[in-house]
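I am attaching a structure below and will ask some questions about it afterwards.
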Amino acid sequence: MASPEIASLSWGQMKVKGCSTTYKDCKVWPGGSRTWDWRETGTNHSPGVQPADLEEVVKKGVKTLVIGRGMSEALQVPPSTVDYLKKNGIDVLVLQTEKAVEEYNALAAQGVKVGGVFHSTC
């Protein structure tokens, strides 16, 4: 199954190709996507993205995971989260969200089993 392309990104809005939902923050993986609801894991800008935010995407068998930190990179990614991914044999890219989406789409177009979690505001 292919990773879906991020069709569009603007402040507070993301669209995934083949999905009618407009997301604020989203998770994507080979074959699917859904809203990334920070309340599920108690995530905040600081300390930031937790392993619990990524478990669902990791379980989809991704080889690379791209984390979008927001348009102004306000969302933190602690070293423990990067370590969690590396221990699971997953390459990780942590980038400003516009750059993260570009990188994610490039990897998806190459057929890489890539997943992502993207924050589309600050």
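Rounding to the nearest 20 debye, state how big the charge dipole of segment 6-118 is about its Cα centre with +1 on each Lys and Arg Cβ and -1 on each Asp and Glu Cβ. All intermediate terms of the calculation are to be shown ahead of the outcome.
On the way: 14 positive and 12 negative charges, 62 e Å.
For segment 6-118, the charge dipole is close to 300 debye.
Separate question: Using the reciprocal of the averaged 1/r over all distinct C-alpha pairs, how large is the Kirkwood radius of segment 69-122 in Å?
Values: mean 1/r = 0.0848 Å⁻¹.
Evaluated over segment 69-122, this radius sits at 11.8 Å.
Name the aspartates and glutamates eligible as straight-distance cross-link partners of residue 86: C-alpha to C-alpha under 17 Å, and not fewer than 8 places from it in the same chain.
Output for residue 86: 53, 55, 56.
Next up: Tell me, what ³J(HN,Hα) does each residue in segment 10-23 have, in order and in whole Hz, if you take phi through Karplus 6.51 cos²θ - 1.76 cosθ + 1.60 with θ = phi - 60° and put x for Gly and Pro?
These are the phi-based 3J(HN,Hα) values: 8, 3, x, 9, 9, 10, 10, 4, x, 10, 7, 6, 9, 9 Hz.
Rounded to the nearest whole Å², what accessible area per residue is found for the chain with the 1.4 Å probe? Before the final figure, lay out each step's value.
Numbers: 5940 Å² over 122 residues.
Normalised by residue count, the accessible surface of the chain is 49 Å².
Sort 40, 102, 5 from largest to smallest accessible area, using a 1.4 Å probe on the heavy atoms of the protein chains. Don't jump to the answer; show the numbers that get you there.
Working: 40 105, 102 130, 5 80 Å².
Sorted by accessible area, descending: 102, 40, 5.
While we're on this one: What is the ratio of the Cα radius of gyration of segment 6-118 to 2.2 N^0.38 Å, where N is its residue count, to two decimals?
Numbers: Rg = 12.6 Å, N = 113, 2.2 N^0.38 = 13.3 Å.
My calculation over the Cα atoms of segment 6-118 gives 0.95.
Additional query: For residue 117, what accessible area in Å² do you get when you roll a 1.4 Å probe over the heavy atoms of the protein chains, rounding to the nearest 10?
Counting only protein heavy atoms, the figure is 0 Å².
Here's a follow-up. Would you list 19, 26 from the most to the least accessible area, probe 1.4 Å?
Working: 19 40, 26 0 Å².
So, going from the largest accessible area down, we get 19, 26.
Whenever you get a sec, line up 84, 104 from highest to lowest accessible area (probe 1.4 Å, protein heavy atoms).
On the way: 84 55, 104 0 Å².
So the residues, ranked largest to smallest area, are 84, 104.
Follow-up question, since we're still on this one. If I ignore ligands, DNA and RNA and count only protein heavy atoms, how much of residue 71 is accessible to a 1.4 Å probe, in Å² to the nearest 10?
Surface accessible to solvent at residue 71 totals approximately 40 Å².
If each residue of separation counts as 0.36 nm, what is the full-extension length gain between residue 83 and residue 10 once their alpha-carbon separation is subtracted? Can you show the working numbers first?
Values: separation 73, 0.36 × 73 = 26.28 nm, distance 2.99 nm.
Residue separation times 0.36 nm, minus the Cα-Cα distance, leaves 23.3 nm.
Can I ask one more? Answer with one residue from 49, 74, 61: the one whose Cα lies farthest towards the positive end of the charge dipole of segment 28-102, charges on Cβ with Lys, Arg +1 and Asp, Glu -1.
Most positive-ward Cα: 61.
Please report, in debye to the nearest 20, how large the charge dipole of segment 4-57 is about its Cα centre when each Lys and Arg carries +1 at its beta carbon and each Asp and Glu carries -1 there.
Once rounded to the nearest 20, the dipole reads 240 debye.
The values are calculated or read from the model by the stated rules, or taken from the named source; none is laboratory data. Nothing here was measured: the structure is a model prediction, and the numbers come from that model. Cβ: placed from backbone, ideal geometry, glycine included. Neighbour counts: every protein chain shown. Note: accessible area is taken over every heavy atom of the protein model, side chains too, but ligands, DNA and RNA are not part of it. Shrake-Rupley method; radii C 1.70, N 1.55, O 1.52, S 1.80 Å.
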